[in-house]
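One structure below.
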Amino acid sequence: MTSASPDTIAGANREALRRILASDPVLVDVQLARDAIPRLPDRTILHAGPPIGWDRMCGPMRGAVAGAIVFEGWADDLDAAARLAASGEIRFEPNHHYDGVGPMTGITTRNMAVLVVENRAFGNRAFCTVNEGIGNVMRFGGNDREVIERLQWIASVAGPALGAAIRHRKGIPLKSLIARGLSMGDEMHMRNAACSSLILRELAGDLADTARSDLSRILRFIAGNDMFFLNVAMAMAKSIAAAAHDIPHSTVVTTMARNGTDFGIRVSGTGDHWFTGPAQMARGLLFAGFCEADGNVDIGDSCITETVGLGGFAMAASPAVVGFIGAGTLSDAIAYTHRMREITVGTNADWALPTLEMAGVPTGIDIRKVLATGVLPVINTAIANRLPGRGQVGAGVVHPPLTCFEQALIRFAEMNGADA
Amino acid sequence: METDKLLQSEVRVINIGLAEFAHDLERCDVPVVHVEWSPPAVGDPRIAALLAKLGG
């Protein structure tokens, strides 16, 4: 057993921050998951958050699982799909175990299209499904014919066209795109309007050169969805966080994720162990006609954006989002970002915030600082209807449960000969 | 400072911890600066002991 002094830990955390800052994420392709992730087994469903079985899944997650089974042709209808899911014949695993992430339910299977982001500074790749749009979609548990057919079109038409266009221009560097998005009011979790427009502008000419069919539908599909870029940002964030994982003695958080039941974190210096606690209900604004009882507790891998300094950590960039999620005024948004500086190792000067005199986003959550200050990471999030397929009921702010950080510190101490 | 004379001149307050105390003073037009603070390790002695060893 090795021991870790505060100086050793500080050095390991500086290395984690260095890797985050040195990362060079590039969107390089869109592929089917089975091609992008060859080790993804058949009859396996990847989901958001830490590990969970069918018996503990929330409504939207179950709905999405049933839909994915029908999409893959493992069952003929949703009832048969639910029986198959409950039978134990389907393997459930977190996206994070396969270098992946997915928003809300985060369901990913072999024949779905995934965005591929390569971190060229470190050579690793990360994956995320293509954003389906808003309303009746699988990420909110949707599973009817409309949802399945859209996923089939993404996998067979839009995905290959996007992949060809991205390869045609030899990839799209994302770090600078994010920087521009921050200066245009995106925080890359609940607001992606600027970057969705920017990436469409980047891709339109190449799509025109390479798309074999449905060009106008593909362009409208991207242009009609302000959250199209969210999934790109998530794959990018995963490619960055993964580069900072597995540094001995580091207390930097490299994963935050929720499965609609549990919230889980992983820490660079404690390997692939999950530290989990109950997912919380987001506080924010509900759409007209909904009440808090309609909402599901926190769900999705999308807080990988906060893990690398975006989303709630970059709230000061986004006056528009702070109103949308019911978090107050611009000064409140700035206060959120300031508070995140108390629990992070440093800042990312490449991702500067105009409302903070171009200070960089707070980056590299240190579990020790979270516990020492009692300040929990702030996450901007959508709120899913707790019933499958009913979509989004609102948006708000949420935090991980403190127990995740307590467990992580205890485990870290045990691994480093510092038991209390 | 003699504490018995503390409230005989203008009172200016730094409030630490619970924000509601600051809000009450604001409502009484008392100058107040609120400092967000909570006990280290949220008061858990085992976590506090680990933080003392591991820093943070």
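Find which of A:A66, A:G88, A:F127 sits farthest along the positive direction of the dipole of the stretch A:37-154, computed with +1 on the beta-carbon of Lys and Arg, -1 on that of Asp and Glu, about the Cα centre.
Towards the positive end, the residue furthest out is A:F127.
For the stretch A:1-113, what are Rg and Dmax over the alpha carbons, in angstrom?
Reported Rg and Dmax, both Å: 18.4, 59.
Kindly report the accessible area of the protein assembly as shown per residue (heavy atoms of protein chains, probe 1.4 Å, no ligands, DNA or RNA), in Å². Display every interim value, and only then the final one.
Details: 18670 Å² over 476 residues.
Roughly 39 Å² per residue, with all protein chains present.
How much solvent-accessible surface does B:E26 expose, in Å² to the nearest 10, with a 1.4 Å probe and all protein chains in place?
Its heavy atoms expose roughly 100 Å² to the probe.
If one takes the longest principal axis of the Cα atoms in chain B, at what angle in degrees, from 0 to 90 and to the nearest 10, does the Cα axis of helix B:45-54 lie?
It works out to around 70 degrees.
Decide, for the stretch A:6-235, between rounded, prolate and oblate: order the square roots of the alpha carbon gyration tensor eigenvalues as a ≥ b ≥ c, take rounded if a/c falls under 1.5, and otherwise choose prolate if a/b is larger than b/c, else oblate.
Numbers: a/c = 1.84, a/b = 1.19, b/c = 1.55.
Judged from the Cα gyration tensor, the stretch A:6-235 comes out oblate (a/c at least 1.5, b/c at or above a/b).
How would A:L32, A:L215 line up by accessible area, probe 1.4 Å, largest first?
Values: A:L32 35, A:L215 55 Å².
Ranked from most to least accessible, the order is A:L215, A:L32.
Principal axes first, then extents: for the Cα atoms of the stretch A:84-197, list largest minus smallest coordinate on each axis, whole Å, largest first.
Ordered largest first, the stretch A:84-197 gives principal extents of 48, 32, 26 Å.
Return the single residue from A:N380, A:N131, A:N111 with maximal mean-square fluctuation; model: Gaussian network over chain A, springs between Cα atoms under 10 Å.
Taking springs between Cα atoms under 10 Å, the residue moving most is A:N111.
Work out how far the C-alpha atoms of chain A reach from end to end along every principal axis, then list the three figures in whole Å, largest first.
Its Cα atoms span 57, 48, 44 Å along the three principal axes.
Specify whether the C-alpha gyration tensor of the stretch A:162-232 places it in the rounded, prolate or oblate class, a ≥ b ≥ c being the square roots of the eigenvalues: rounded for a/c under 1.5, otherwise prolate if a/b is larger than b/c and oblate if not.
Numbers: a/c = 2.62, a/b = 1.55, b/c = 1.68.
The shape class here is oblate.
Quick one: with all protein chains in place, what share of the accessible area of chain A is carbon or sulfur, to the nearest percent (1.4 Å probe)?
Values: 7070 of 14320 Å².
The computed percentage sits at 49.
If DNA, RNA and ligands are ignored and the probe is 1.4 Å, what is the ranking of A:R411, A:R14 by accessible area, most exposed first?
Numbers: A:R411 90, A:R14 150 Å².
Greatest to least solvent exposure: A:R14, A:R411.
Determine the residues within the stretch B:11-56 where the difference in accessible area between the chain on its own and the full set of protein chains amounts to at least 30 Å²; count protein heavy atoms only and use a 1.4 Å probe.
Residues losing area: B:E36, B:S38, B:V42, B:R46, B:I47, B:L50, B:L51, B:K53, B:L54, B:G56.
What FRET efficiency do you get for A:T403 and A:R39 if R0 is 41 Å and r is their Cβ-Cβ distance, rounded to the nearest 0.05? List each step's numbers first, then the result.
On the way: r = 32 Å, r/R0 = 0.77.
With R0 = 41 Å, the Cβ-Cβ based efficiency is 0.80.
Determine the total buried accessible area between chain B and chain A, counting protein heavy atoms only with a 1.4 Å probe; round to the nearest 100 Å². Could you put the intermediate results ahead of the total?
Working: alone 5120 and 15040 Å², together 18670 Å².
The contact between A and B buries close to 1500 Å².
Rounded to the nearest 10 Å², what accessible area does A:K238 have for a 1.4 Å probe in the complete protein model?
Estimated to the nearest 10 Å², A:K238 gives 10 Å².
Given Cβ point charges of +1 (Lys, Arg) and -1 (Asp, Glu) and nothing else, what value in debye, to the nearest 20, does the dipole of the protein assembly as shown about its Cα centre take? Each step should come with its number before you reach the end.
On the way: 42 positive and 51 negative charges, 211 e Å.
Taking the Cα centre of the protein assembly as shown as origin, the dipole is about 1020 debye.
At 7 Å along Cα-to-Cβ for each site, give me the label-to-label distance between B:S9 and A:A349 in nm.
According to this spin-label approximation, the distance is 4.5 nm.
To one decimal place, what orientation-averaged projected area in nm² is obtained for the convex hull of the Cα set of the stretch A:247-416? All intermediate terms of the calculation are to be shown ahead of the outcome.
Details: hull surface 39.2 nm².
Average of the hull's projected areas for the stretch A:247-416 equals 9.8 nm².
What does the charge count around A:S197 come to, taking other residues whose C-beta lies under 14 Å from its C-beta (Lys +1, Arg +1, Asp -1, Glu -1)?
Numbers: positive: A:R180, A:R191, A:R201, A:R220; negative: A:D186, A:E202, A:D226.
Within the 14 Å Cβ shell, the charges total +1.
Using amide H atoms built in the peptide plane, which far-off residues or other-chain residues are under 5 Å from A:G394 H to H?
Hits under the 5 Å cutoff: A:F287, A:I383.
Largest first, what is the accessible-area ranking of A:D76, A:D35, A:D55 with a 1.4 Å probe?
Of A:D76, A:D35, A:D55, the descending order of accessible area is A:D76, A:D55, A:D35.
Using a probe of 1.4 angstrom, how much of the accessible area of chain B is carbon and sulfur, in percent?
Working: 2610 of 4350 Å².
The computed percentage sits at 60.
Along its principal axes, what span do the Cα atoms of the stretch A:126-251 show, with the longest given first and each in whole Å?
Largest to smallest, the principal-axis extents are 50, 33, 27 Å.
What area, in nm² and to one decimal, does the C-alpha convex hull of the stretch B:10-54 cast on average over all directions?
Details: hull surface 15.6 nm².
Reported value for the Cα convex hull: 3.9 nm².
For the stretch B:10-54, with only Lys/Arg (+1) and Asp/Glu (-1) charged at the beta-carbon, what is the dipole magnitude about the Cα centre, in debye rounded to 20? Let's see the in-between values first.
Numbers: 4 positive and 7 negative charges, 77 e Å.
Dipole size: approximately 360 debye.
In the stretch A:127-233, which trypsin sites (Lys or Arg not before Pro) fall in coil by DSSP and have 11 or fewer other Cβ atoms within 10 Å?
On the way: sites: A:R139, A:R145, A:R150, A:R167, A:R169, A:K170, A:K175, A:R180, A:R191, A:R201, A:R212, A:R217, A:R220; in loops: A:R169, A:K170, A:R191, A:R212.
Taking the stretch A:127-233 and a limit of 11 other Cβ atoms within 10 Å, the loop trypsin sites (Lys or Arg not before Pro) found are A:K170, A:R212.
With runs of 4+ DSSP H residues as the only contributors, calculate the mean residue ellipticity of the protein assembly as shown at 222 nm using -39,500 (n - 2.57) per run, divided by the residue total and rounded to the nearest 500. All intermediate terms of the calculation are to be shown ahead of the outcome.
Working: 17 runs with 178 residues, N = 476.
After summing the helix terms and dividing by residue count, I get -11000 deg cm²/dmol.
How much accessible surface area, in Å² rounded to 10, belongs to the heavy atoms of A:Y336 with a 1.4 Å probe?
50
The values are calculated or read from the model by the stated rules, or taken from the named source; none is laboratory data. Fair warning: this is a prediction, and the values are worked out from it, not measured in the lab. Cβ atoms come from the backbone with ideal geometry, glycine included; neighbour counts cover every protein chain shown. Ligands, DNA and RNA are stripped out before the accessible areas are found, and what is left, the full protein with its side chains, is counted by its heavy atoms. Shrake-Rupley method; radii C 1.70, N 1.55, O 1.52, S 1.80 Å.
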